[in-house]
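See below for the structure under consideration.
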Amino acid sequence: MPIVFPDIWHLRLVLAPEAVDAFEEVFERFAESVTMFMEDKSGISDGDCLWHLEGYSRTPPDRAQITAALSAIAAATGHDLPALEIERLPNVDWVLENLRDFPPIDAGRFFVRGSHWDGKVPTGRIELLVDAGTAFGSGEHATTRGCLTMLDKLGKRRRFLHPLDLGAGSGILGIGMAKMWAVDVLATDIDPSAVKVAANNARMNGVGSRFTSVVSDGYRNRALKQGQPFDIIVANILAKPLMRMAKDLAAHLAPDGVAVLSGLLDWQERMVMGAHEPQGLRLRERIVIDGWATLLIGR
Ligand SMILES: C[S@@+](CC[C@H](N)C(=O)[O-])C[C@H]1O[C@@H](n2cnc3c(N)ncnc32)[C@H](O)[C@@H]1O
């Protein structure tokens, strides 16, 4: 079913600084959200400025009623009656409008784009359709790019058959693995809303039937305890939780399995490895982007 975006009315007053406090209250009564900004006219006339008071409403504002309220304040305070501007804004998806500025992201063979982007995906690339939203993982962050780049490198050497995406957020990494290796992926997140977003994104990317997402704090969900160990675990969470989970990771990783760890700053690498080495895991490769490290570890 198509989403219908409501009309929005934009209300505006241009005021002298000393009149803002008096008239602001009217917009607070008649608009759902109020904002203001200063127009600096100092270049024009010595230190002058004007304030733009703006309000937004999803119901048509009653011009007569608002004007009456403004007139009452003008009469009581001695300020000039300001001219009220009301404009009906076009019925558009403002979130989508804002997303238009986000260009696609390259990470190895992965080509991450939002649904607002309608260009042609370059040949030979693995397209990941992910919209910036409530769950982390639109591909912009250095840690996500580091993980995708590492997965791309691994994908050129080996096909993994049993991946775990721990801390999936938008599901971007799990979806990438499901697409690249055409395998079933288990994705987990501690945040139930991220779990839903990830499942939706998997469907949007045509891998919904190969993607299971569950709520789990670390490795606590039963879905992780049963069944065979994972041959690849990808976890882009922070350094401290990674360190806490080192023992669980080793317990859930197949003997010839590997893990891609991210979410740590490059100076935290020694700490993170210090937690994994006693579990028999050593560092194999690393990628650093903008000070964020992504580590490939294995036995
Ligand atoms: C930095 S985001 C990574 C999202 C995505 N995997 C990416 O690479 O862009 C970290 C995610 O891990 C989840 N998370 C944090 N602590 C967790 C835990 N103990 N167990 C499972 N998920 C956790 C957060 O809710 C968040 O969605």
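Lys-Lys pairs in the chain that are eight or more residues apart or on separate chains and whose Cα atoms lie under 23 Å of each other come to 7.
Do the sum for the chain: with -39,500 (n - 2.57) for every DSSP H run of n ≥ 4, divided by all residues, what is the mean residue ellipticity at 222 nm, to the nearest 500 deg cm²/dmol?
Values: 10 runs with 94 residues, N = 299.
After summing the helix terms and dividing by the residues of the chain, the value is -9000 deg cm²/dmol.
If the segment from Leu161 to Arg63 were pulled out straight at 0.36 nm per residue, it would be longer than the present Cα-Cα gap by 28.9 nm.
Considering only DSSP states other than H, G, I, E and B, which trypsin sites (Lys or Arg not before Pro) in segment 129-224 qualify as loop sites with at most 15 other Cβ atoms within 10 Å?
Values: sites: Arg145, Lys153, Lys156, Arg157, Arg158, Arg159, Lys179, Lys196, Arg203, Arg210, Arg220, Arg222; in loops: Lys156, Arg157, Arg158, Arg159, Arg220.
Those satisfying the criteria are Lys156, Arg157, Arg158, Arg159, Arg220.
Determine, from the Cβ-Cβ distance of Ala182 and Ala251 and an R0 of 30 Å, the FRET efficiency 1/(1 + (r/R0)^6), rounded to the nearest 0.05.
Values: r = 27 Å, r/R0 = 0.91.
Here the calculated transfer efficiency is 0.65.
Selection among Leu265, Gln228, Gly139 by position relative to the dipole of segment 93-296 gives Gln228 as farthest towards the positive end (Cβ unit charges, Cα centre). Subtracting the Cα-Cα distance of Trp267 and Ser209 from 0.36 nm times their residue separation leaves 16.9 nm of extension gain. Computed over the chain with a Gaussian network model linking Cα atoms closer than 10 Å, the most mobile of Val288, Val207, Val34 is Val34. Give the angle, between 0 and 90 degrees and rounded to the nearest 10, that separates the Cα long axis of helix 172-181 from the longest principal axis of the Cα atoms of the chain. Helix 172-181 and the main axis of the chain meet at about 40 degrees.
Here the simple spin-label model places points 7 Å from the Cα toward Cβ, and for Asp191 and Cys49 these points are separated by 3.5 nm. Using R₀ = 41 Å, calculate the FRET efficiency as 1/(1 + (r/R₀)^6) where r is the Cβ-Cβ separation of Lys153 and Tyr56; round to 0.05. E(calc), rounded to 0.05, equals 0.30. Considering only Leu89, Leu161, Leu173, give the residue with the highest GNM mean-square fluctuation for the chain, with springs between Cα atoms whenever their separation is below 10 Å. Its mean-square fluctuation being the largest, the pick is Leu89.
Assign unit charges at the C-beta atoms only (+1 for Lys and Arg, -1 for Asp and Glu), then state the dipole size of the chain relative to its Cα centre in Debye, rounded to the nearest 20.
Details: 32 positive and 38 negative charges, 559 e Å.
In total the dipole reaches around 2680 debye.
Round to the nearest 0.05 the FRET efficiency obtained for Arg282 and Glu127 when R0 = 30 Å and r is the Cβ-Cβ distance. After rounding to 0.05, the efficiency reads 0.30. Its Cα gyration tensor gives segment 6-90 an equivalent ellipsoid. The semi-axes, each the square root of 5 times an eigenvalue, are 23, 17, 9 Å from largest down. Taking Cα atoms only, the orientation of helix 142-155 departs from the longest principal axis of the chain by about 30 degrees. The GNM of the chain, with springs linking C-alpha atoms under 10 angstrom apart, assigns the highest mean-square fluctuation among Leu242, Leu84, Leu281 to Leu84. In the chain, the longest principal axis of the Cα atoms and the axis of helix 192-204 are about 80 degrees apart.
Normalised by 2.2 N^0.38 Å, with N the number of residues, the alpha-carbon radius of gyration of the chain equals 1.38.
Just so you know, all these numbers are worked out from the coordinates, no wet-lab data involved. Here the structure is a predicted model, which is why all the values come from computation and not from measurement. A quick note on method: Cβ atoms are made from the backbone with ideal geometry, for glycine too, and the neighbour counts reach across all protein chains shown.
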